[in-house]
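In what follows, a single structure is set out as structure tokens and then discussed.
Each value in this text was obtained by applying a stated rule to the coordinates, not by laboratory testing. Model, not experiment: these values are computed from the prediction. Reconstructed Cβ throughout: ideal geometry from the backbone, glycine too, with neighbour counts over all protein chains shown.
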Amino acid sequence: MKYIINLNSKQIYFIINLAFCLASLILIFTTVQIVPTLKYPDTADYMHYVNISIFSKEFYYAESALYFFPRPFTIPLMYKLAGGDYNNILILQKTMHVFAAFLLSFSICTFLKQLWNKVIITTLIYLLFSTWTMVSWTTIPLSESLTMSFLFIWIATFLLLIKYRKIYLLVIHFLITILFSFTRDSWPYIIFVFYILWFLVAIIYDKKLSKYISPLLLGIIIIFLVQNDMSEAGKRYKTPLVNSILFRIIPNDTYTDWFVKQGMPCADSLRENWKMRPPYDQGWLLYRDPQYNDFMKWVETKGKSTYTKFLITHPAYSLGISYKEFKNIMTIHDVRYHEGSVPPIGYTKFASWLFPIFPFWLCVVLSLLCLIPFFKNKHLIIYLLPIFLIVFFLANVYLIYNADCFEKERHFFITNILIQLTSIISLGLLLNIPLRTYFKKIYYGKIKKSNDSAPSV
């Protein structure tokens with residue numbers, strides 16, 4: 001008993017966080033059990049890598065083949081570590097999910113002072129990670145669960161790095177950055193934006209931090225170049241590009257005419273056969289249609305550069321998201337992509353009822369409030385984190401919106417999760433301010449000001 005009494009607040013918090021972690025681990029394995037029955041094309045692509053050596057060039061530079069589309073290497077690597085067994089894959093996903101919650105809450109709470117504040121924030125994070133929106137993805141062999149886990153581990157290790165500024169934390173974070181970057185081809189772009197923001201802050205307000213951010217910025221540029229090289233080898237850009245042309249360009253005659261002037265073939269046939277089709281209706285059939293061979297070859301050779309030029313020269317297209325679409329993206333949270341329409345089960349029911357509790361506008365307000373302590377004390381750069389996370393997920397929305405219009409809900413649901421997380425972090429940072437002392441200063445400052453302005457007798 002005396003040992004418990006002698007524990008400081010940091011040790012007590014670590015025990016509480018560990019208890020949350022163990023409880024979540026037990027609950028996710030005992031109350032959430034779904035045997036996957038659906039067959040997913042994505043899973044077949046990942047499983048293709050299981051029998052390929054990780055020391056083989058093919059593992060990283062795979063080329064497309066009949067009914068096989070190359071993927072970035074991180075998810076296939078995880079599946080290979082699981083031995084290609086579906087049960088082991090689900091065990092790995094659930095374990096990574098809970099570990100991400102543990103590490104994320106721990107890293108955030110290193111910036112918080114009061115034990116009660118740490119407990120509140122940790123509770124909210126574990127509840128967020130207990131929502132069916134997140135947990136359900138751990139029950140099926142697709143990339144979403146591991147991608148989310150790597151995202152939150154990446155954020156956690158970055159927070160630990162800027163808190164403690166140790167070389168070994170820099171190495172760990174960069175290794176996580178590599179793995180996270182190769183979960184999906186879009187992430188290096190977003191990570192680059194995030195690092196640029198922190199690099200500017202470090203240069204202006206905290207030059208000691210810049211020696212840790214600079215190698216990360218250089219590293220992500222190298223990762224971007226390598227990732228682009230791997231993507232070119234496997235033509236991984238081909239599918240999202242074809243989807244965007246079919247379902248966003250072809251229905252618009254003005255846009256289609258612009259692409260024709262850039263040399264896009266088969267425009268008349270595409271207009272005739274695809275313009276009036278409902279979105280996402282059997283688009284994959286085009287890949288096997290011989291009459292579009294010239295179009296597919298053009299996509300492989302000139303499509304990527306042409307589409308990039310189009311985005312730059314047509315801001316009305318790239319930035320033309322309507323308010324209704326934007327609002328929908330910000331509120332997507334109940335994705336039933338898996339197993340039909342399975343409702344929340346087990347321990348996820350309460351958390352799924354509670355979340356999402358933070359709308360986007362409140363997330364923005366809380367993030368802006370966090371700027372007040374920073375402008376009062378420029379050393380409190382952690383208070384910039386919420387606004388940078390907003391930039392992070394908005395950049396991701398922009399990229400996904402313009403890169404691939406297939407399965408929007410599946411791609412955008414992470415946005416609302418990041419809105420909830422950003423709001424929780426903002427709340428913790430705001431509660432971290434000694435409010436009683438702060439209001440005392442305001443109160444006594446008003447009294448002093450009142451006394452100074454009072455007429456002398």
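Work out the charge dipole of the chain with +1 on the Cβ of Lys and Arg and -1 on the Cβ of Asp and Glu about the Cα centre, then indicate which of H333, I108, F194 is farthest towards its positive end. Among H333, I108, F194, the one farthest towards the positive end of the dipole of the chain is I108. Whole-Hz Karplus values for the range 235-243 come out as 6, 5, 6, 4, 4, x, 5, 4, 4 Hz, taken residue by residue from phi with 6.51 cos²θ - 1.76 cosθ + 1.60 and θ = phi - 60°; glycine and proline positions read x. Ordered by the number of other Cβ atoms lying within 10 Å of each residue's own Cβ, fewest first, T308, T331 fall into the sequence T308, T331. When the Cα positions of Y49, F392, F413 are compared along the charge dipole of the chain, F392 comes out farthest toward the positive end, with charges on each C-beta of Lys, Arg, Asp and Glu.
Tell me the relative contact order for the chain as a rounded percent, counting alpha carbon contacts under 8 Å between residues six or more apart.
Numbers: 475 pairs, mean separation 88.8, N = 457.
The value is 19 percent.
Each residue of the range 54-64 was assigned a 3J(HN,Hα) from its phi angle through the Karplus expression (A = 6.51, B = -1.76, C = 1.60, θ = phi - 60°), giving 5, 8, 8, 4, 4, 5, 9, 10, 5, 9, 5 Hz with x at Gly and Pro.
Compute the relative contact order of the range 147-194 as a whole-number percentage, counting only Cα pairs closer than 8 Å that sit 6 or more residues apart in sequence. Working shown, then result.
Numbers: 24 pairs, mean separation 19.1, N = 48.
Relative contact order of the range 147-194: 40 percent.
Once fully extended, how much extra length lies between I15 and Y168, figured as 0.36 nm per residue of separation less the alpha-carbon to alpha-carbon distance?
On the way: separation 153, 0.36 × 153 = 55.08 nm, distance 2.43 nm.
Roughly 52.7 nm would be gained on extension.
If each residue's Cβ is checked for other Cβ atoms within 10 Å, how do R236, R410 rank with the fewest at the top? Kindly include the intermediate steps, with their values, before the conclusion.
Working: R236 21, R410 15.
Lowest count first: R410, R236.
When its C-alpha radius of gyration is set against 2.2 N^0.38 Å (N residues), the chain gives a value of 1.09. Exposure proxy ranking for Y46, Y347, based on other Cβ atoms within 10 angstrom of each Cβ and starting from the fewest, stands as Y347, Y46.
Each of D294 and Y61 was given a label point 7 Å from its Cα along the Cα-to-Cβ line. The distance between the two points is 3.2 nm. Placing unit charges on the Cβ atoms only, positive for Lys and Arg and negative for Asp and Glu, gives the chain a dipole magnitude near 2240 debye about its Cα centre.
Dipole of the chain computed with +1 at Lys/Arg Cβ and -1 at Asp/Glu Cβ about the Cα centre; of H314, P240, V365, farthest Cα towards the positive end is V365. Our summary gives the range 97-213 a relative contact order of 25 percent, counting only alpha carbon pairs under 8 angstrom and 6 or more residues apart. Once a ≥ b ≥ c are taken as the square roots of the eigenvalues of the Cα gyration tensor of the range 317-401, is the result rounded (a/c under 1.5), prolate (a/b larger than b/c) or oblate (a/b not larger than b/c)? Since a/c reaches 1.5 but b/c is at least a/b, the shape of the range 317-401 is classed as oblate. Per residue, the convex hull spanned by the Cα atoms of the range 113-271 measures out at 197 cubic angstrom.
Could you tell me which helices of the chain pass both thresholds, a Cα extent of 30 Å or more along their own axis and a mean Kyte-Doolittle hydropathy of at least 1.6, with helices taken as whole DSSP H runs? The partial results should precede the final answer.
Details: long enough: 9-30 (31 Å, 1.71); 86-109 (35 Å, 1.17); 143-164 (31 Å, 1.42); 207-234 (41 Å, 0.73); 408-432 (37 Å, 0.88).
In the chain, the long hydrophobic H runs are 9-30.
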